[in-house]
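In what follows, a single structure is set out as C-alpha coordinates and then discussed.
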Amino acid sequence: MTPTLFQYLTISLLQIIVILGFVMTLVPLLTFAERKVIAYVQVRLGATRVAGGLWGAQRGRTHQSRTLTGGLNGLMWFLGRVPVFSILRGLPMFIADALKLLTKEDIVPTDADKAVFVLSPALAMVAAFTVFAAISFAPGALFYFPAKFPFLGGLPFNGFLTDLNVGLLFILGVASVGVYGIVLGAWASNSKYPLLGGLRSAAQIVSYEVPLTLSLLVPVVLTGSLNFNEMSTRMAVDVPANGLVGIGRTLLMFVGFFVYTTCGFAETNRTPFDLAEAENELVAGFHTEYSGMKFSFYFLSEYASMITVSALAAAFFLGGHYLMPFGLQHVWNHFFQHSSNAFLAWTCMPSILWFLLKIFFLLFCFLWVRATVPRYRYDQLMNVGWKFLIPYTLVMFVIAALLRYAA
(Lines give C-alpha, C1' and ligand atoms only; values in the text may rest on other atoms or scores of the structure.)
Protein backbone atom coordinates (compact mmCIF):
# COMPACT_ATOMS: atom_id res chain seq x y z
CA MET A 1 0.00 0.00 0.00
CA THR A 2 1.60 3.25 -1.16
CA PRO A 3 0.83 6.23 1.13
CA THR A 4 -0.32 9.52 -0.28
CA LEU A 5 1.84 12.61 0.27
CA PHE A 6 -0.35 13.77 3.17
CA GLN A 7 -0.25 10.31 4.81
CA TYR A 8 3.52 10.20 4.36
CA LEU A 9 3.91 13.64 5.99
CA THR A 10 1.60 12.65 8.86
CA ILE A 11 3.56 9.47 9.61
CA SER A 12 6.86 11.38 9.35
CA LEU A 13 5.55 13.94 11.85
CA LEU A 14 4.58 11.14 14.26
CA GLN A 15 8.03 9.58 13.87
CA ILE A 16 9.71 12.92 14.61
CA ILE A 17 7.59 13.31 17.76
CA VAL A 18 8.48 9.77 18.91
CA ILE A 19 12.24 10.24 18.25
CA LEU A 20 12.34 13.66 19.93
CA GLY A 21 10.30 12.30 22.84
CA PHE A 22 12.75 9.42 23.22
CA VAL A 23 15.79 11.73 23.24
CA MET A 24 14.20 14.41 25.44
CA THR A 25 13.17 11.74 27.97
CA LEU A 26 16.48 9.94 27.91
CA VAL A 27 18.61 13.07 28.44
CA PRO A 28 17.18 14.05 31.87
CA LEU A 29 17.17 10.41 32.95
CA LEU A 30 20.86 10.29 31.98
CA THR A 31 21.59 13.18 34.32
CA PHE A 32 19.96 11.25 37.16
CA ALA A 33 21.81 8.06 36.18
CA GLU A 34 25.08 10.01 36.04
CA ARG A 35 24.63 11.18 39.61
CA LYS A 36 23.81 7.67 40.77
CA VAL A 37 26.62 5.87 38.90
CA ILE A 38 29.26 8.34 40.07
CA ALA A 39 27.90 8.13 43.63
CA TYR A 40 27.98 4.32 43.70
CA VAL A 41 31.53 4.26 42.29
CA GLN A 42 32.55 6.70 45.04
CA VAL A 43 30.61 4.75 47.71
CA ARG A 44 28.07 7.51 48.29
CA LEU A 45 24.27 7.56 48.21
CA GLY A 46 24.17 10.30 45.58
CA ALA A 47 21.02 12.28 44.86
CA THR A 48 18.31 11.22 47.33
CA ARG A 49 15.92 14.14 47.72
CA VAL A 50 14.62 17.34 46.17
CA ALA A 51 14.10 20.60 48.07
CA GLY A 52 11.43 19.97 50.73
CA GLY A 53 8.63 22.27 51.80
CA LEU A 54 7.55 23.46 48.34
CA TRP A 55 4.04 23.66 46.85
CA GLY A 56 1.65 22.93 49.68
CA ALA A 57 0.66 23.64 53.28
CA GLN A 58 3.54 23.95 55.71
CA ARG A 59 1.82 23.95 59.06
CA GLY A 60 2.41 21.55 61.94
CA ARG A 61 5.34 19.41 62.98
CA THR A 62 5.21 17.30 59.82
CA HIS A 63 4.76 20.31 57.56
CA GLN A 64 7.17 19.04 54.88
CA SER A 65 5.19 15.83 54.37
CA ARG A 66 2.16 18.00 53.48
CA THR A 67 3.89 19.59 50.54
CA LEU A 68 4.47 18.11 47.08
CA THR A 69 8.26 17.96 47.35
CA GLY A 70 8.10 16.81 50.96
CA GLY A 71 5.75 13.98 49.97
CA LEU A 72 8.08 12.97 47.13
CA ASN A 73 11.01 12.85 49.53
CA GLY A 74 8.99 10.64 51.89
CA LEU A 75 8.10 8.31 48.99
CA MET A 76 11.74 8.09 47.91
CA TRP A 77 12.94 7.20 51.41
CA PHE A 78 10.22 4.55 51.57
CA LEU A 79 11.50 3.11 48.28
CA GLY A 80 14.97 3.12 49.77
CA ARG A 81 13.89 0.38 52.19
CA VAL A 82 13.21 -1.96 49.25
CA PRO A 83 16.54 -3.34 47.93
CA VAL A 84 15.79 -3.21 44.20
CA PHE A 85 13.87 0.08 44.22
CA SER A 86 16.39 1.87 46.44
CA ILE A 87 18.19 3.00 43.30
CA LEU A 88 15.12 5.15 42.52
CA ARG A 89 15.80 7.44 45.47
CA GLY A 90 16.08 10.94 44.04
CA LEU A 91 14.36 10.09 40.75
CA PRO A 92 12.13 13.23 40.76
CA MET A 93 15.33 15.26 40.77
CA PHE A 94 15.51 15.15 36.97
CA ILE A 95 12.14 16.95 36.89
CA ALA A 96 13.47 19.51 39.37
CA ASP A 97 16.54 20.02 37.14
CA ALA A 98 14.33 20.71 34.12
CA LEU A 99 12.16 23.17 36.10
CA LYS A 100 15.26 24.94 37.41
CA LEU A 101 16.64 25.45 33.90
CA LEU A 102 13.27 26.64 32.59
CA THR A 103 12.74 29.19 35.36
CA LYS A 104 16.32 30.36 35.96
CA GLU A 105 17.21 33.95 35.12
CA ASP A 106 18.57 34.31 31.60
CA ILE A 107 21.63 36.58 31.60
CA VAL A 108 23.33 38.09 28.55
CA PRO A 109 26.70 39.80 29.26
CA THR A 110 26.71 43.51 28.48
CA ASP A 111 29.64 43.34 26.05
CA ALA A 112 28.56 40.13 24.34
CA ASP A 113 27.60 39.93 20.68
CA LYS A 114 23.95 39.41 21.51
CA ALA A 115 22.72 37.89 18.23
CA VAL A 116 25.52 35.31 18.02
CA PHE A 117 25.33 34.71 21.78
CA VAL A 118 21.64 33.79 21.50
CA LEU A 119 21.85 31.74 18.28
CA SER A 120 24.95 29.65 19.08
CA PRO A 121 23.36 27.27 21.64
CA ALA A 122 20.43 26.71 19.26
CA LEU A 123 22.87 25.88 16.43
CA ALA A 124 24.64 23.29 18.60
CA MET A 125 21.33 21.72 19.68
CA VAL A 126 19.75 21.63 16.21
CA ALA A 127 22.83 19.91 14.76
CA ALA A 128 22.83 17.35 17.58
CA PHE A 129 19.14 16.52 17.10
CA THR A 130 19.03 16.56 13.28
CA VAL A 131 21.34 13.54 12.95
CA PHE A 132 18.62 11.32 14.42
CA ALA A 133 16.79 11.68 11.10
CA ALA A 134 19.24 9.20 9.54
CA ILE A 135 19.61 6.77 12.47
CA SER A 136 17.67 3.54 12.14
CA PHE A 137 16.37 2.17 15.45
CA ALA A 138 14.80 -0.85 13.69
CA PRO A 139 15.50 -2.10 10.14
CA GLY A 140 11.84 -2.35 9.11
CA ALA A 141 8.33 -1.56 10.30
CA LEU A 142 7.82 -1.40 14.06
CA PHE A 143 4.09 -1.95 13.61
CA TYR A 144 1.24 -1.38 11.16
CA PHE A 145 -1.65 0.94 11.93
CA PRO A 146 -4.83 -1.17 12.39
CA ALA A 147 -7.02 -1.36 9.26
CA LYS A 148 -9.83 0.54 11.05
CA PHE A 149 -7.46 3.32 12.15
CA PRO A 150 -8.71 6.53 10.54
CA PHE A 151 -6.71 7.82 7.60
CA LEU A 152 -3.54 5.75 8.35
CA GLY A 153 -5.03 2.24 8.54
CA GLY A 154 -2.75 -0.48 7.10
CA LEU A 155 0.30 1.77 6.76
CA PRO A 156 3.63 0.90 8.43
CA PHE A 157 5.30 2.87 11.22
CA ASN A 158 9.00 2.36 10.47
CA GLY A 159 11.82 2.29 13.00
CA PHE A 160 13.62 5.03 11.06
CA LEU A 161 12.66 8.45 9.79
CA THR A 162 14.57 8.31 6.50
CA ASP A 163 16.53 5.58 4.73
CA LEU A 164 19.18 7.72 3.00
CA ASN A 165 21.66 6.08 0.64
CA VAL A 166 24.27 8.45 2.12
CA GLY A 167 23.02 8.18 5.70
CA LEU A 168 26.45 7.98 7.33
CA LEU A 169 27.71 10.92 5.28
CA PHE A 170 24.65 12.94 6.38
CA ILE A 171 25.26 12.09 10.05
CA LEU A 172 28.96 13.03 9.95
CA GLY A 173 28.30 16.23 7.99
CA VAL A 174 25.50 17.53 10.21
CA ALA A 175 27.18 16.49 13.48
CA SER A 176 30.32 18.43 12.55
CA VAL A 177 28.26 21.65 12.37
CA GLY A 178 27.82 21.47 16.16
CA VAL A 179 31.35 22.71 16.76
CA TYR A 180 30.37 26.05 15.21
CA GLY A 181 27.78 26.49 17.95
CA ILE A 182 30.46 25.97 20.59
CA VAL A 183 33.13 28.19 19.00
CA LEU A 184 30.73 31.01 18.11
CA GLY A 185 29.12 30.93 21.56
CA ALA A 186 32.55 31.11 23.19
CA TRP A 187 33.62 34.02 20.97
CA ALA A 188 30.33 35.90 21.41
CA SER A 189 30.63 35.79 25.22
CA ASN A 190 33.49 38.31 25.00
CA SER A 191 35.22 36.70 27.97
CA LYS A 192 38.65 35.06 28.20
CA TYR A 193 37.64 31.76 29.80
CA PRO A 194 34.88 30.90 27.30
CA LEU A 195 37.18 31.93 24.42
CA LEU A 196 39.94 29.61 25.66
CA GLY A 197 37.38 26.81 26.08
CA GLY A 198 36.04 27.40 22.56
CA LEU A 199 39.53 27.32 21.03
CA ARG A 200 40.30 24.12 22.89
CA SER A 201 37.05 22.57 21.70
CA ALA A 202 37.67 23.55 18.07
CA ALA A 203 41.22 22.09 18.07
CA GLN A 204 40.06 18.96 19.87
CA ILE A 205 37.09 18.23 17.63
CA VAL A 206 39.04 18.92 14.42
CA SER A 207 41.86 16.64 15.64
CA TYR A 208 39.58 13.75 16.59
CA GLU A 209 37.23 14.16 13.62
CA VAL A 210 39.93 12.61 11.41
CA PRO A 211 40.43 9.30 13.27
CA LEU A 212 36.71 9.05 14.03
CA THR A 213 35.83 9.34 10.33
CA LEU A 214 38.62 6.93 9.35
CA SER A 215 37.39 4.37 11.90
CA LEU A 216 33.88 4.62 10.41
CA LEU A 217 35.31 4.18 6.90
CA VAL A 218 36.24 0.62 7.88
CA PRO A 219 32.56 -0.50 7.87
CA VAL A 220 32.04 1.56 4.70
CA VAL A 221 34.85 -0.30 2.90
CA LEU A 222 33.76 -3.71 4.21
CA THR A 223 30.13 -3.23 3.17
CA GLY A 224 30.53 -0.95 0.15
CA SER A 225 27.65 1.25 1.30
CA LEU A 226 26.85 4.47 3.15
CA ASN A 227 23.25 3.45 3.91
CA PHE A 228 22.74 3.11 7.69
CA ASN A 229 20.43 0.08 7.52
CA GLU A 230 22.46 -1.77 4.91
CA MET A 231 25.77 -1.14 6.70
CA SER A 232 24.38 -2.19 10.07
CA THR A 233 22.82 -5.39 8.72
CA ARG A 234 25.79 -6.43 6.59
CA MET A 235 28.31 -5.78 9.38
CA ALA A 236 26.23 -8.03 11.64
CA VAL A 237 25.32 -11.00 9.43
CA ASP A 238 27.60 -11.07 6.36
CA VAL A 239 29.44 -14.40 6.07
CA PRO A 240 32.69 -14.13 4.05
CA ALA A 241 33.43 -17.14 1.83
CA ASN A 242 37.01 -17.17 3.07
CA GLY A 243 37.23 -18.12 6.78
CA LEU A 244 40.44 -16.14 7.35
CA VAL A 245 38.73 -13.04 5.99
CA GLY A 246 35.91 -13.59 8.48
CA ILE A 247 38.36 -13.83 11.39
CA GLY A 248 40.22 -10.72 10.19
CA ARG A 249 36.93 -8.88 9.84
CA THR A 250 35.91 -9.71 13.42
CA LEU A 251 39.31 -8.65 14.81
CA LEU A 252 39.17 -5.41 12.83
CA MET A 253 35.70 -4.61 14.16
CA PHE A 254 36.86 -5.38 17.72
CA VAL A 255 39.82 -2.98 17.50
CA GLY A 256 37.80 -0.45 15.52
CA PHE A 257 35.14 -0.34 18.24
CA PHE A 258 37.63 0.83 20.88
CA VAL A 259 39.28 3.35 18.54
CA TYR A 260 35.90 4.77 17.50
CA THR A 261 34.65 4.92 21.10
CA THR A 262 37.79 6.78 22.22
CA CYS A 263 37.25 9.34 19.44
CA GLY A 264 33.58 9.54 20.42
CA PHE A 265 34.51 10.56 23.97
CA ALA A 266 36.67 13.37 22.57
CA GLU A 267 34.04 14.48 20.03
CA THR A 268 31.42 14.86 22.77
CA ASN A 269 33.80 16.68 25.15
CA ARG A 270 33.33 14.01 27.77
CA THR A 271 35.75 12.90 30.50
CA PRO A 272 38.66 12.20 30.21
CA PHE A 273 38.71 14.58 27.21
CA ASP A 274 36.55 17.41 28.63
CA LEU A 275 39.31 20.01 28.32
CA ALA A 276 36.90 22.50 26.70
CA GLU A 277 35.07 22.92 30.00
CA ALA A 278 37.76 22.00 32.52
CA GLU A 279 36.35 23.66 35.63
CA ASN A 280 39.66 23.76 37.52
CA GLU A 281 41.27 25.78 34.70
CA LEU A 282 38.51 27.58 32.78
CA VAL A 283 35.63 27.94 35.31
CA ALA A 284 33.18 26.15 32.98
CA GLY A 285 34.87 26.66 29.62
CA PHE A 286 32.90 27.71 26.55
CA HIS A 287 29.55 27.96 28.40
CA THR A 288 30.76 29.95 31.41
CA GLU A 289 28.58 32.98 30.58
CA TYR A 290 25.47 30.96 29.71
CA SER A 291 22.54 30.33 32.04
CA GLY A 292 18.92 29.21 31.93
CA MET A 293 17.56 27.82 28.69
CA LYS A 294 20.63 28.76 26.64
CA PHE A 295 22.82 26.67 28.91
CA SER A 296 20.29 23.83 28.73
CA PHE A 297 20.60 23.86 24.91
CA TYR A 298 24.34 23.13 25.21
CA PHE A 299 23.51 20.56 27.87
CA LEU A 300 20.96 18.83 25.62
CA SER A 301 23.30 18.86 22.62
CA GLU A 302 26.10 17.18 24.61
CA TYR A 303 23.88 14.36 25.84
CA ALA A 304 22.17 13.97 22.44
CA SER A 305 25.64 13.62 20.89
CA MET A 306 26.44 10.89 23.41
CA ILE A 307 23.33 9.01 22.24
CA THR A 308 24.39 9.48 18.59
CA VAL A 309 27.93 8.20 19.24
CA SER A 310 26.48 5.20 21.09
CA ALA A 311 24.01 4.49 18.27
CA LEU A 312 26.75 4.49 15.61
CA ALA A 313 28.98 2.22 17.71
CA ALA A 314 26.06 -0.15 18.32
CA ALA A 315 25.11 -0.19 14.63
CA PHE A 316 28.50 -0.65 12.98
CA PHE A 317 30.58 -2.54 15.56
CA LEU A 318 28.27 -4.24 18.08
CA GLY A 319 25.88 -5.99 15.71
CA GLY A 320 23.26 -3.25 15.36
CA HIS A 321 19.77 -4.72 15.48
CA TYR A 322 21.10 -8.25 16.02
CA LEU A 323 22.22 -9.85 19.27
CA MET A 324 25.89 -10.68 18.67
CA PRO A 325 28.63 -8.04 18.30
CA PHE A 326 31.65 -7.89 15.94
CA GLY A 327 30.04 -9.76 13.04
CA LEU A 328 29.49 -12.97 15.04
CA GLN A 329 25.73 -13.19 14.46
CA HIS A 330 26.18 -15.79 11.71
CA VAL A 331 27.87 -18.10 14.26
CA TRP A 332 24.96 -17.65 16.66
CA ASN A 333 22.46 -18.24 13.84
CA HIS A 334 24.28 -21.43 12.82
CA PHE A 335 23.55 -22.98 16.22
CA PHE A 336 20.19 -21.49 17.18
CA GLN A 337 18.33 -20.37 14.03
CA HIS A 338 16.42 -23.64 13.79
CA SER A 339 16.22 -24.27 17.54
CA SER A 340 12.96 -25.69 18.94
CA ASN A 341 13.28 -23.15 21.77
CA ALA A 342 11.20 -20.14 20.68
CA PHE A 343 13.33 -17.65 22.64
CA LEU A 344 16.62 -18.85 21.14
CA ALA A 345 15.12 -18.79 17.65
CA TRP A 346 13.87 -15.25 18.33
CA THR A 347 17.38 -14.09 19.30
CA CYS A 348 18.44 -14.81 15.70
CA MET A 349 16.06 -12.12 14.42
CA PRO A 350 16.75 -8.35 14.26
CA SER A 351 15.03 -6.35 16.99
CA ILE A 352 14.88 -2.79 18.26
CA LEU A 353 15.44 -4.26 21.73
CA TRP A 354 19.05 -5.31 21.01
CA PHE A 355 19.81 -1.92 19.48
CA LEU A 356 18.46 0.01 22.46
CA LEU A 357 20.16 -2.26 25.00
CA LYS A 358 23.51 -1.66 23.29
CA ILE A 359 22.92 2.10 23.31
CA PHE A 360 22.07 2.01 27.03
CA PHE A 361 25.18 -0.06 27.78
CA LEU A 362 27.42 2.41 25.93
CA LEU A 363 25.79 5.36 27.70
CA PHE A 364 26.53 3.62 30.99
CA CYS A 365 30.18 3.37 29.85
CA PHE A 366 30.22 7.16 29.35
CA LEU A 367 29.14 7.60 32.98
CA TRP A 368 31.44 4.85 34.25
CA VAL A 369 34.49 6.40 32.57
CA ARG A 370 33.66 9.82 34.01
CA ALA A 371 33.66 8.31 37.49
CA THR A 372 36.89 6.38 37.11
CA VAL A 373 39.30 7.98 34.58
CA PRO A 374 41.04 11.29 35.43
CA ARG A 375 41.14 14.16 32.94
CA TYR A 376 44.04 14.29 30.46
CA ARG A 377 46.34 17.26 30.09
CA TYR A 378 45.81 19.14 26.82
CA ASP A 379 49.17 18.07 25.34
CA GLN A 380 48.37 14.44 26.22
CA LEU A 381 44.99 14.80 24.52
CA MET A 382 46.62 16.01 21.29
CA ASN A 383 49.31 13.33 21.45
CA VAL A 384 46.71 10.56 21.69
CA GLY A 385 44.87 11.94 18.66
CA TRP A 386 47.72 12.74 16.27
CA LYS A 387 50.46 10.27 17.29
CA PHE A 388 48.36 7.17 17.98
CA LEU A 389 44.75 7.22 16.78
CA ILE A 390 45.32 8.66 13.28
CA PRO A 391 48.13 6.16 12.42
CA TYR A 392 46.07 3.28 13.88
CA THR A 393 43.00 4.18 11.86
CA LEU A 394 45.04 4.56 8.65
CA VAL A 395 46.40 1.04 9.16
CA MET A 396 42.87 -0.24 9.87
CA PHE A 397 41.64 1.41 6.69
CA VAL A 398 44.34 -0.35 4.60
CA ILE A 399 43.58 -3.71 6.27
CA ALA A 400 39.86 -3.23 5.56
CA ALA A 401 40.64 -2.60 1.89
CA LEU A 402 42.78 -5.78 1.74
CA LEU A 403 40.01 -7.82 3.40
CA ARG A 404 37.48 -6.47 0.92
CA TYR A 405 39.80 -7.37 -1.97
CA ALA A 406 40.44 -10.88 -0.54
CA ALA A 407 36.72 -11.51 -0.02
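Please find, among 220, 255, 210, the residue that is more than 24 Å from residue 178 (Cα to Cα) and open to solvent by 10 Å² or more (accessible area, probe 1.4 Å). Let's see the steps before the verdict.
Working: 220 fails: more than 24 Å from residue 178 (Cα to Cα); 210 fails: more than 24 Å from residue 178 (Cα to Cα).
The unique qualifying residue is 255.
Return the total of residues in region 184-212 being farther than 20 Å from residue 173 by Cα and polar (S, T, N, Q).
Within region 184-212, residues that are farther than 20 Å from residue 173 by Cα and polar (S, T, N, Q) number 3.
Here is a list of conditions, (1) aromatic (Phe, Trp, Tyr); (2) closer than 22 Å to residue 274 by Cβ; (3) out of contact with any helix residue (DSSP H, G or I) (no Cβ under 9 Å at 6 or more places or on another chain), and residue 368 meets all of them except one; can you say which number that is?
The one condition residue 368 does not meet is (3).
Out of all the residues in region 102-155, which are part of a loop (DSSP other than H, G, I, E, B) and in contact with a strand residue (DSSP E or B) (Cβ under 8 Å, 6 or more places away or on another chain)?
Applying the first criterion (part of a loop (DSSP other than H, G, I, E, B)) to region 102-155 yields 104-113, 135, 145-155.
Selection gives 135, 145, 154, 155.
With (1) hydroxyl-bearing (Ser, Thr, Tyr); (2) open to solvent by 60 Å² or more (accessible area, probe 1.4 Å); (3) over 30 Å from residue 231 (Cβ atoms) as the list, and residue 144 as the residue in question, which single condition is left unmet?
(3)
Take the residues in region 157-195 that are in contact with a His (Cβ under 9 Å, 6 or more places away or on another chain) and within 19 Å of residue 294 (Cβ to Cβ); name whichever of them is surrounded by the fewest Cβ atoms within 10 Å (Cβ to Cβ). Explain how you work it out, then say what you get.
At the first step, the residues of region 157-195 found to be in contact with a His (Cβ under 9 Å, 6 or more places away or on another chain) are 159, 182, 185-186, 189, 194.
Applying the additional criterion that residues be within 19 Å of residue 294 (Cβ to Cβ) yields 182, 185-186, 189, 194.
Working: 182: 29, 185: 31, 186: 29, 189: 26, 194: 28.
Checking each candidate, the answer is 189.
Scan region 77-93 residue by residue and report those that are open to solvent by 50 Å² or more (accessible area, probe 1.4 Å), part of a helix (DSSP H, G or I) and closer than 19 Å to residue 39 by Cα.
First pass over region 77-93, keeping only residues open to solvent by 50 Å² or more (accessible area, probe 1.4 Å): 77-78, 81-85, 87-88, 91.
Next, from what is left, pick out any that are part of a helix (DSSP H, G or I): 77-78, 85, 87-88.
Passing the criteria: 77, 85, 87, 88.
A quick yes/no check of all residues on (1) open to solvent by 60 Å² or more (accessible area, probe 1.4 Å); (2) modelled with pLDDT under 85:
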residue	(1), (2)
5	yes, yes
28	no, yes
37	no, no
47	no, yes
70	no, yes
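Could you check region 223-244 and list, in sequence order, the residues that are assigned to a helix (DSSP H, G or I) and buried (at least 17 other Cβ atoms within 10 Å of the Cβ)? Outline the logic, then answer.
First pass over region 223-244, keeping only residues assigned to a helix (DSSP H, G or I): 223, 228-237, 243-244.
Matches in region 223-244: 223, 228, 229, 230, 231, 232, 233, 234, 235, 236, 237.
Based on what the data block shows, is residue 364 at pLDDT 85 or above, under 26 Å from the mean Cα position of the chain (by Cα) and crowded, with 17+ Cβ neighbours inside 10 Å? Step through it out loud before you land on a result.
Details: at pLDDT 85 or above: yes; under 26 Å from the mean Cα position of the chain (by Cα): yes; crowded, with 17+ Cβ neighbours inside 10 Å: no.
Here the answer is no, as residue 364 does not meet what is asked.
For region 184-212, name all the residues that are closer than 30 Å to residue 316 by Cα and of a type outside the set (D, E, K, R). Lay out the reasoning, then the answer.
First pass over region 184-212, keeping only residues closer than 30 Å to residue 316 by Cα: 200-212.
Selection gives 201, 202, 203, 204, 205, 206, 207, 208, 210, 211, 212.
For region 197-228, what are the residues that are over 22 Å from the mean Cα position of the chain (by Cα) and of a type in the set (S, T, N, Q)?
223, 225
The values are calculated or read from the model by the stated rules, or taken from the named source; none is laboratory data. Note that the structure is a prediction, hence the values are computed from the model and not measured. Cβ: placed from backbone, ideal geometry, glycine included. Neighbour counts: every protein chain shown. Quick note on the areas: whole protein, heavy atoms, side chains included, nothing else; ligands and nucleic acids left out. Shrake-Rupley method; radii C 1.70, N 1.55, O 1.52, S 1.80 Å.
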